[in-house]
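Below: the structure, in structure tokens.
The values are calculated or read from the model by the stated rules, or taken from the named source; none is laboratory data. Keep in mind it's a predicted model, so treat the numbers as computed, not measured. Ligands, DNA and RNA are excluded from the accessible area calculation, which covers all protein heavy atoms including side chains. Shrake-Rupley method; radii C 1.70, N 1.55, O 1.52, S 1.80 Å.
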Amino acid sequence: QVQLVESGGGLVQPGGSLRLSCAASGNILSVSDMGWYRQAPGKQRELVARITRGGSTTYAISVKGRFTISRDNAKNTVYLQMNSLKPEDTDVYYCYANLVTHDTLRSNDYWGQGTQVTVSS
């Protein structure tokens, strides 16, 4: 069984910073891509940032230059440093990992439970 546990969300003023973390644990053989999506009520989940095992990154245009994604492969953990936050960044943020488990030997996407980020004065 695989778990992705997120932390670091909360309330911050416009212009402030937050750092999200997401650790994958369980019967994991290998982890490839990891990343973050976000979703507002009634809207589709959208990609925020993604990072490959080798460190190649992809960002949504709306966060480029403000957010930085990184990972620690030894800990199966992905981070999202969010700077210069804006009210429109308010959403529930979900981490995901594409990984292979020892029992299935297949690649699947796994998701965290979501963490609320609220940017407001």
> Most mobile of ASP91, ASP109, ASP33 per a Gaussian network model of the chain (Cα springs, under 10 Å)?
Replying inline: ASP109
>> Cut-off 10 angstrom, C-alpha nodes, Gaussian network model of the chain. Which of ALA60, ALA24, ALA49 fluctuates the most?
In response: ALA60
> If you project the alpha carbons of the chain onto their three principal axes, what span does each projection cover, largest first, in Å?
Replying inline: 47, 27, 22
>> Quick one: 3J(HN,Hα) in Hz for region 57-71, Karplus 6.51/-1.76/1.60 with θ = phi - 60°, rounded, Gly and Pro as x.
In response: 10, 9, 10, 5, 4, 5, 10, 4, x, 10, 10, 9, 9, 8, 8
> Got a sec? What order do ARG38, ARG45 fall in by accessible area at 1.4 Å, biggest, i.e. largest, first?
Replying inline: ARG45, ARG38
>> Pick from GLN44, GLN81, GLN13 the residue whose mean-square fluctuation is largest in a GNM of the chain, springs joining Cα atoms under 10 Å.
In response: GLN44
